[in-house]
Amino acid sequence: MKKAIKEIIECALNKAKDAGELELADAPDVVVEKPKDEKMGDFASNIAMTLARSERKNPKAIAQIIERHIDKGTAVLDSVEIAGPGFLNLKMSQKFFLDRFTDAVEKRNDFGESNVGQGTKILIEFVSANPTGPLHIGHGRGAAVGDALARILKKAGYDLKTEYYINDVGNQMNILGRSTWLRYLELLGSDTEFPEDHYRGEYIKDIAQLAIDQHGKEFFDKPEEECVPFFKKLAKDNILEGIKEDLSDFRVTFDNWFSEQSLYEDNSVEGAIEWLRGKGHVYDKDGAVWLKSSAFDDDKDRVIVKQTGEKTYFCSDIAYHQNKIKRGFKKIINLMGADHHGYVPRMEAVLQAMGYDKNIFKILLIQFVSLLRGGEKVAMSTRSGEFETLSDVVNEVGVDAARYYFLMRSSDAHLDFDLELAKQETSENPVFYIQYAHARICSIFRGAEEKGIQFSGNESIDLSLLVEEEEFSIIKAILAFPEVVEKSALALEVHRISHYLLDLVSRFHGYYSRHRVISDDVPLTLARLYLLDGLRITIRNGFDLMGISVPEKM
RNA sequence: GCGCCUGUAGCUCAGCUGGAUAGAGCAACGGACUUCUAAUCCGUAGGUCGUAGGUUCGAAUCCUACCAGGCGUACCA
């Protein structure tokens, strides 16, 4: 939409240049934005101010020159004004907006899409929680943000894939297997000691019970080395199954589940080390193998193979990210908890060592979630196994409210998630406010049908009957949607969608209380229904990006 | 010590990558349901944008220093 405005101004600039009134040494970048106050106009440009220096004229004089050269004979432009220090304020015609609005409505579910992504291949990796226990609320935020981001980036024209990286190798897995084995022995009456650093959650006992149900006492007398591999696999598979289920209940799916183990099986990890060694980025010291990450802005060098010969987590991560790039992704996005932020510089160092531009790699840090209940902090402790799992939270407040709460704030701000507020169906809870608007609109359509008013988007409706200022305020807000999606995609900021919808919907609630949609004036009724149809589509598409449902009745 | 994030109304937060008089919701106060869903709407009040400098036509936004809170700074993952 702003493109059209940009062209009008650029055209005027060119004419001014041809007339010799402006120098315009290099073609200026025309920025068009919405004025703060809608009364000032529909669009504004600060071009006169940015040109002030190079033209050596005061902004107002430049604005006057441009204004004179703007083509006012067209059907799209109503008026041009110069305001403040030199803003050009443009008011567009009713036709300008209505033409665009009908285009938008016709796009239906596709409304909001754009092509800023230009089909760029992106991989977004998120959640990637270790399969050692159920997902907790912090993972929930990552899941909601990652999933919504994926939907937004697709809408903005990227070729996007989602991925979950499974850390199914290493010491944590051994401890998991051992924990399960010990619980197994315990359940069968053996008097065993359960170490502090083992997984103490109830779910481990459930898995041990499962082993008993399936295999009885088969592992009771066997030595540890023979048992742990079995229990490791059993526990991992079982927990992973639970994670997949929790995510699917939370409306989060992945295109690919990538196993760390597979990187060892196909020798990618060895290969990556050797490759880096060949490039001189790796050296041996104190019996360990180090990556010279300090050469690429990391604080210090990092161990990739321990003295014991075991590879570090970081080591397989190197191979993993090499693998991602080899698969042809031009941009790689990782979501991580903010407590992992120390990890960012070394990961960027690896990519540079491998000869890639570090800008193809973007780590999004998701800040902490504090769980509250009626203003009181809920204690969370992973070690003791007592914590609010994602599925507990979802069961309590519902998927829609949970997702909305995770997505309503900028992900680099701490989030207070209050269980009481999230499930309250009051104005304190914006998710219902937005859903309510949708339900209201649907209710109006039902009412129209009952009155025998035939509405179909195809029939000729006289939209010029929409003359109320509030109606245009809604239309203009609807038309801003694709741009919101675009900006949200470029900034990787999901919360913009929820703020946008809140603003959009509040315009509707105000309009609703002052104007009746259904009346005896059938043409006007149809025109207003058409407006609401467009609004309904926008709400639905917006919530779809957030993975939130739009009820037709509440 | 060093690094990352945050600091805007009593509370929870926006502020569209530097623009016009800093905006919402909640809480407070006052109004609106015989009319398409009151889970709603309308109005009043509420501010040294953490502090101090700097950059320029113009700063909540960019730079520097400081203050406060959170997180990190492993041959853990």
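The values are calculated or read from the model by the stated rules, or taken from the named source; none is laboratory data. None of these values were measured; they are calculated from a predicted model. In this analysis, Cβ positions are derived from the backbone assuming ideal geometry, glycine residues included, and neighbour counts consider all displayed protein chains. Quick note on the areas: whole protein, heavy atoms, side chains included, nothing else; ligands and nucleic acids left out. Shrake-Rupley method; radii C 1.70, N 1.55, O 1.52, S 1.80 Å.
For region A:139-196, give the percent of accessible area contributed by carbon and sulfur heavy atoms, probe 1.4 Å, rounded to a whole number.
C and S fraction of accessible area: 44 percent.
Could you order A:T308, A:T162, A:T192 by accessible surface area, starting with the largest, using a probe radius of 1.4 Å?
Details: A:T308 105, A:T162 10, A:T192 40 Å².
Ranked list, largest accessible area first: A:T308, A:T192, A:T162.
What would the Debye formula give as log10 I(q)/I(0) at q = 0.05, 0.07, 0.09 Å⁻¹ for the alpha-carbon point model of chain A, no solvent?
Per q value, in the given order, log10 I(q)/I(0) is -0.30, -0.57, -0.85.
How large is ³J(HN,Hα) for each residue in region A:247-253, as worked out from phi by the Karplus curve 6.51 cos²θ - 1.76 cosθ + 1.60 (θ = phi - 60°), to whole Hz, x for Gly and Pro?
5, 5, 4, 8, 6, 10, 10
Can you give the accessible area per residue of region A:427-546, in Å², using a 1.4 Å probe?
41
Within straight cross-link reach of A:K60, meaning Cα distance under 25 Å, which lysines are found once same-chain residues fewer than 8 apart are removed?
A:K2, A:K3, A:K6, A:K15, A:K17, A:K34, A:K36, A:K39, A:K72, A:K91
Counting only Cα atoms, I'd like the Rg/Rh figure for region A:427-546, Kirkwood definition for Rh.
Result for region A:427-546 is an Rg/Rh of 0.99.
Skip the ligands, DNA and RNA, and give the accessible area per residue of region A:258-333 with a 1.4 Å probe, whole Å².
Accessible area per residue, region A:258-333: 49 Å².
At 1.4 Å probe size, put A:R514, A:R56 in order of accessible surface, largest to smallest.
Sorted descending by solvent-accessible area, the residues read A:R56, A:R514.
Could you order A:Y158, A:Y436 by accessible surface area, starting with the largest, using a probe radius of 1.4 Å? Intermediate results must be reported in sequence, preceding the final value.
Details: A:Y158 40, A:Y436 105 Å².
The ordering from most to least exposed comes out as A:Y436, A:Y158.
For A:V31 and A:A83 in one chain, what is 0.36 nm times their gap in residues minus the Cα-Cα distance, to one decimal in nm? Write down the numbers at each step before the final one.
Numbers: separation 52, 0.36 × 52 = 18.72 nm, distance 1.62 nm.
Residue separation times 0.36 nm, minus the Cα-Cα distance, leaves 17.1 nm.
Roughly how tilted is helix A:202-215, in degrees to the nearest 10 and between 0 and 90, from the longest Cα axis of chain A?
Its long axis makes an angle of about 60 degrees.
Please report, as a whole percent, how much of the solvent-accessible surface of region A:427-546 comes from carbon and sulfur atoms (probe radius 1.4 Å).
47
Under a 5 Å amide H to amide H cut-off, with H placed in plane at 1.01 Å, what residues pair with A:D418 once short-range neighbours are removed?
Here the answer is A:L372, since their amide H atoms fall under 5 Å of that of A:D418.
Length gain on complete extension for the stretch A:E23 to A:D99, per 0.36 nm per residue less the alpha carbon to alpha carbon distance?
23.8 nm
Read phi for every residue in region A:512-525 and hand back ³J(HN,Hα) as whole Hz from Karplus 6.51 cos²θ - 1.76 cosθ + 1.60, θ = phi - 60°, with x for Gly and Pro.
Going residue by residue, I get 4, 7, 10, 10, 8, 7, 8, 8, 6, 7, 4, x, 5, 4 Hz, with x marking Gly and Pro.
When the Kirkwood radius is taken over all Cα pairs of region A:308-374, what Stokes-Einstein diffusion coefficient follows at 25 °C and 0.890 mPa s, in µm²/s? Write down the numbers at each step before the final one.
Details: Rh = 13.4 Å.
For the chosen part, D equals 183 µm²/s.
Between A:F361 and residues 5 or more places away or on another chain, which pairs have amide H atoms under 5 Å apart, with H built 1.01 Å from N, and which residues are they?
Distant-sequence amide H within range of A:F361: A:I332.
Using modelled backbone amide H atoms (1.01 Å from N, in-plane), which distant-in-sequence or interchain residues come within less than 5 Å of A:I366's amide H?
A:M336, A:G337, A:A338
Just to check I understand the Karplus step: with θ = phi - 60° and J = 6.51 cos²θ - 1.76 cosθ + 1.60, what whole-Hz values come out for region A:270-278, glycine and proline as x?
4, x, 5, 4, 5, 4, 5, 5, x
Evaluate E = 1/(1 + (r/R0)^6) for A:F455 and A:E10, where r is the Cβ-Cβ distance and R0 equals 51 Å; express this FRET efficiency to the nearest 0.05. If you can, show how the numbers build up before the last one.
Details: r = 40 Å, r/R0 = 0.79.
E between A:F455 and A:E10, to the nearest 0.05, is 0.80.
Expressed as a whole percentage, what fraction of the accessible surface of region A:2-92 belongs to carbon and sulfur atoms when a 1.4 Å probe is rolled over the protein heavy atoms?
50
Might you work out the accessible area of A:W290 for me, using a 1.4 Å probe with all protein chains in place, and round it to the nearest 10 Å²?
We get 50 Å² for A:W290.
Grab the DSSP H runs of chain A that are 4 residues or longer, score each as -39,500 (n - 2.57), total them, divide by all residues and round the 222 nm result to the nearest 500 deg cm²/dmol.
On the way: 20 runs with 278 residues, N = 554.
Here the helix-only value at 222 nm equals -16000 deg cm²/dmol.
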